[in-house]
1. Considering only the range 361-411, how many residues are part of a loop (DSSP other than H, G, I, E, B), open to solvent by 80 Å² or more (accessible area, probe 1.4 Å) and among the acidic types (Asp, Glu)?
2. Tell me the strands (runs of 3 or more DSSP E) entirely within the range 554-627 that contain at least 1 residues that are closer than 27 Å to Ala338 by Cβ, among the basic types (Lys, Arg) and open to solvent by 50 Å² or more (accessible area, probe 1.4 Å).
3. Here is a list: Ser521, Ser489. Which entry is under 15 Å from the mean Cα position of the chain (by Cα) and either within 27 Å of Pro342 (Cα to Cα) or open to solvent by 30 Å² or more (accessible area, probe 1.4 Å) (or both)?
4. Pick from the range 213-231 the residues that are free of Cβ contacts under 8 Å to residues at least 24 places away in the same chain and not in a helix (DSSP H, G or I): which of them is nearest to Val496 (Cα to Cα)?
5. Does the range 134-157 contain any residue that is touching a residue at least 24 places away in the same chain (Cβ under 8 Å) and either more than 30 Å from Val305 (Cβ to Cβ) or in a helix (DSSP H, G or I) (or both)?
6. Residue by residue through the range 95-118, note down the ones that are surrounded by 13 or more Cβ atoms within 10 Å (Cβ to Cβ) and modelled with pLDDT of 90 or more.
7. All but one of (1) without any contact (Cβ under 8 Å) to a residue 60 or more places away in the chain; (2) over 30 Å from Leu126 (Cβ atoms); (3) surrounded by fewer than 14 Cβ atoms within 10 Å (Cβ to Cβ) hold for Asp280; state the number of the condition that does not hold.
8. Between Thr227, Thr201, Thr276, which is among the hydroxyl-bearing types (Ser, Thr, Tyr) and out of contact with any strand residue (DSSP E or B) (no Cβ under 7 Å at 6 or more places or on another chain)?
Amino acid sequence: MKKLLALLLSVIMAMSLAVPAFAEEAPADGDPGFWLENWEPAPVYTPGDAIPISALLPESSSDASLGIIGGADGPTTVISTGPAWTGGLGVDLSTFTSIFTSVADRVERVPTEEYLADHPGLEEELRGNAYDYFAQEYGEYWTAEEYMEFGEMTEEDFLNMMVNDQVADRIMAEAYQKAIDDQKEALGGVLGQVGVMVNGTYIKFPDAAPEVADGRTMVPVRALVETLGGEVDYEFADQKDSVRLFIDKYTINFTIGGTTAVRHTRGTDTGEDDKTIEMDCAPYIKDGRTYVPVRFLAEALGYEVGWDSQYETAILLDREALAADVDNDFAILNRVQANRAPALEEGKSWSVDMKGGLSLTLFDTLNGNQTYKVDLTGNTLMNREAANGTCSLTISDNAIDALMEQVIGVNWAEYEDDEDVKLLRSVLTGLQDMEVIMTREGRMWFHAPILDELSGEKNVWAAMDMGAELGALMFAETDTTTVGSVLASMVSGGSVTEMVGFGETVKFMDRLYSDDCFTTSGGVSTLTIGVEELMALYEDMGLDLDEIGDVWKEYNITMKVDGKGAVTGSIVMETSAQSGIPAIRITMDSTQSSERATVTMECHVANIGEAKLTLTTTQRTTSEAPKTEPPEGATIVDEDLAAAPLVEP
């Protein structure tokens, strides 16, 4: 709940930006925006048309389909995308969609004959590789002989088909590599040269280039050190071939040809001892420039180091520096975070009570509307080392019946004496008094009365190990969490596209939620995002505003933050009916302080139904400590022993 408001705002913004993609008119024949696998335009169905099941199901594992049910608001478009263009190439399109656009722009259906004519001797090579290629691509499902028999084709037909497929793969790979090269150059990297990126920015090497030697990335030391704000000193104290680096609070000494370096901490009373560092390859001099392994220097300074083979780039990541740079623009949101997660005193725990409900009403003019409900109550007790919580879900009888119908079928009641059916209903009706225990080490235990019922034992707990890394993340000190630290923690540091995606995310956040977006009066800072701001975002994304200008009937996000960081927010978002898509209206009101948070949210889909969500949490400090393991005498079922008989510990 501590991050609930920010999460919901982000979800709302994501929905806002996604709406035009679903609301556009169906593409005209001859100029389709989406394609079937056979490269034909997606069909458009009017209300009442029978939509074939083949239109809703992908023809292979590389396809994806989306069916939108039509109604009185307009026709239905069934979209089925063809094989993924980047399959096997490993690009992260979710954070770097411009690469996909670049490839799509470059890839034209070049006739096989034309491509082969430009590459003498290639056809013979591809025909010789046809059977191996088929086995690699399709051998899991067919042999080449089975495929030819099924397709009633001759071996010559088969060879021609495999040549065509291999040519298509080559065209795609070349277009993709060209897109990568263009992106690297646009980001400041040099084509054909090993790159070094520090916190998302390529380093310039004016008179010597990095290189790979014996599998290690070697960089000219002066350019790297000076970019990091340091200095290089050669032959100090009359020691030949000795190099001394001054960077930040450190002095690093090493010798050309040696593999040992010593890091000293400058200043006094730092509490940090000297550190001897072993390098896995020795520094050397080439063309008058000193080269050092980039990993040695980066890790000596506390950077994380990654390698992106597609971009031939070493990536240096300093999360604290990234976070600090981001936080310069988000003092107001960080005030909200500090207020909702104040520092916890030694020996104290947080006790958080939660109460909420969800109702879903489906409109039915013939048989009467149906409303399904789920009620939630719970409590969590946690400190820096452990947490335990209780939770109860109460599902209305008609909702349980509806779930049973979805899982088993409309005639599920005929099988209510079946053991599996009885088990499913017991689970759905038995979600009361559930309890979870978690520790910082990543251990987790779960108990619910249904476990006792199923096992015939009492006080049965299921155990699992989430891993120490995830456990530490769950118990991170939230009172020191900031916008910057959250964003920086999401970066793995092993991909150029991810670093660029991080930068784009920061720009997006800055555009919407930075301090400059608020107006402050009387000690209250107010943020308003309306249709005008939303349309500006669309324009920045390169979307055609003429096509989406009629989508929004109303759009407004308002957030007010007082001097202590308490926040109130409201959202109103309504779309007009588009082709195949009914009108949708979403409203939300929320409050959040260090003691209490509330959310009320409604979503109304015209002629279909509405959902209502309410959630309230209150928190206080207590001297009570959370449990760190199940109670004495509990029956423990370990995840690795789930199939074994239950045993007493």
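The values are calculated or read from the model by the stated rules, or taken from the named source; none is laboratory data. The shown structure was predicted, so the numbers you read here are calculated from the model rather than taken from an experiment. Virtual Cβ from ideal backbone geometry, glycine too; neighbours counted across all protein chains shown. Accessible surface is based on the protein model in full, side chains and every heavy atom, while ligands, DNA and RNA are left aside. Shrake-Rupley method; radii C 1.70, N 1.55, O 1.52, S 1.80 Å.
1. Summing the residues that are part of a loop (DSSP other than H, G, I, E, B), open to solvent by 80 Å² or more (accessible area, probe 1.4 Å) and among the acidic types (Asp, Glu) in the range 361-411 gives 1.
2. Correct list: 596-605, 609-622.
3. Ser489
4. Gly215
5. Within the range 134-157, one or more residues are touching a residue at least 24 places away in the same chain (Cβ under 8 Å) and either more than 30 Å from Val305 (Cβ to Cβ) or in a helix (DSSP H, G or I) (or both).
6. Scanning the range 95-118 gives a single hit, Leu116.
7. It is condition (1) that Asp280 fails.
8. The match here is Thr201.
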